[in-house]
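One structure is given here, and the rest of the page talks about it.
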Amino acid sequence: MTTTEMVAAGNGKATGVDKLRASAVEASQVRALSTHPDVVALRVESVRTQVDVLMWVGIVLGLAFTMVNVQDFAARNAAAWSLPWVAAWLLDPMVSLVLIAVLRAEQITARYQVPKISWWIDGTKLFAFAATFAMNTWQSWAHLDAAGIVLHSVPPVLVFCAAETAPVLRDRLTEAVLGAERAAALADPQKAAERLDGPAETTATESPEDAGKPDEQPGAAENGSDRKEPRKPRKKAAEKTGRKLLADYVTDALAALEPATAADEITPAWARHTTGCSTGLSAKVAAAVRHELTTTPQTSTNDTDAPGETAALAA
């Protein structure tokens, strides 16, 4: 029973101060969870999914709208269902599929902030948009139809704007997740490195005890080989997975740390270069290493001062 519940039970009913205190505690817990990097990443991924769906729906509708005019441009008054008339329907999908392939690849590279290394990406997009725009508005320009020019210019231009804006938005959403990790690591390194999966931590802490119990029971048995057999599959399973946890990356970083390295020099980029961890995990590794650097000198200072204190007491 908490202090608030005890006071409420003693007074018969909760006062305004007790209710306000309980609300403040709940608000503090909600705030701590809402600013946790994992929660921020989950919310950003939800927004990213909404942005991707809306962008793709708009792009596909815009390309579908231009298909009729492009077919009419390519057919050039050919008879319906003739070979030139049927082949004209293939022109717009040919351009649109290449454009969608480029945009789909940019969706992944922008999410992980991979820089562009070739001008062919932008060149392919510009050519596809220019070809679609020209074929879609050719007849309107030939007849100087202002309404037709505006009508058939809106879909290609809108698709072009969406294709150029979507990678920037995805890059900013990724930067929002990384910024939340950096802010949490600087504010509280230990809390930023904590995992929110409570049941997984419970099983991890209970597993050493469960592993120790079979060792004690077979100790009274006649054959001691029974204790070694359950351990072999565990070692093989660990060798097959080869998965490194946060503690493993922190251990590798501390092992590669030079004695004269300052805590300010430990950055996520340093953690990625030293341990080879991912971008999302580098902030947590750097925060844990900085925490070790700030706490280790205090322990070593106490150890070195202990002999001096003993000598002073002996004197």
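The values are calculated or read from the model by the stated rules, or taken from the named source; none is laboratory data. Bear in mind the structure is a predicted one, so any value in this text is a computation, not a measurement. Reconstructed Cβ throughout: ideal geometry from the backbone, glycine too, with neighbour counts over all protein chains shown.
Within region 75-90, identify whether any single residue is in the same structural domain as MET135 (by TED's automatic domain parsing) and in contact (Cβ under 8 Å) with a residue 24 or more places away in the chain, and answer yes or no.
For region 75-90, residues in the same structural domain as MET135 (by TED's automatic domain parsing) and in contact (Cβ under 8 Å) with a residue 24 or more places away in the chain: absent.
Restricting to region 103-136, give me the number of residues that are touching a residue at least 40 places away in the same chain (Cβ under 8 Å) and not small (Gly, Ala, Ser). Working first, answer last.
Let us first name the residues in region 103-136 that are touching a residue at least 40 places away in the same chain (Cβ under 8 Å), namely 103, 106-107, 109-113, 132, 135-136.
Narrowing the set further to residues that are not small (Gly, Ala, Ser) leaves 103, 106-107, 109, 111-113, 132, 135-136.
Number satisfying all stated conditions: 10.
Does ALA146 meet the test of being at pLDDT below 90, aliphatic (A, V, I, L, M) and either more than 24 Å from VAL98 (Cβ to Cβ) or not assigned by TED's automatic domain parsing to the domain that holds ASP72 (or both)?
No.
Take ASP264 and tell me if it is among the charged types (D, E, K, R) and at pLDDT below 50.
no
Tell me whether region 110-122 contains one or more residues that are closer than 22 Å to MET67 by Cβ and assigned by TED's automatic domain parsing to the domain that holds THR66.
No; the residues of region 110-122 include none that is closer than 22 Å to MET67 by Cβ and assigned by TED's automatic domain parsing to the domain that holds THR66.
Which one is farthest from GLY62 (Cα to Cα) among residues in region 87-120 that are aliphatic (A, V, I, L, M) and surrounded by 15 or more Cβ atoms within 10 Å (Cβ to Cβ)?
My answer is ALA110.
What residue, among those in region 33-60 that are surrounded by 13 or more Cβ atoms within 10 Å (Cβ to Cβ) and more than 16 Å from the chain's Cα centre (by Cα), is farthest from THR165 (Cα to Cα)?
VAL60
Out of region 51-92, which residues are charged (D, E, K, R) and over 17 Å from ARG104 (Cα atoms)? Give the derivation first.
As a first pass, look at region 51-92 and keep what is charged (D, E, K, R): 52, 72, 76, 92.
If the condition is that a residue be charged (D, E, K, R) and over 17 Å from ARG104 (Cα atoms), then ASP72, ARG76, ASP92 are the ones that fit.
Can you find a residue that is in a helix (DSSP H, G or I) and closer than 30 Å to SER282 by Cα anywhere in region 60-82?
no
Of the residues VAL154, VAL168, VAL159, which single one is part of a helix (DSSP H, G or I), outside the structural domain of ALA287 (by TED's automatic domain parsing) and more than 19 Å from VAL95 (Cβ to Cβ)?
VAL168
Show the residue pairs that are 6+ apart or on different chains and have beta-carbon atoms under 6 Å apart, the first residue being within region 47-60 and in contact (Cβ under 8 Å) with a residue 24 or more places away in the chain, the second being among the basic types (Lys, Arg) and part of a helix (DSSP H, G or I).
Every condition considered, no pair remains.
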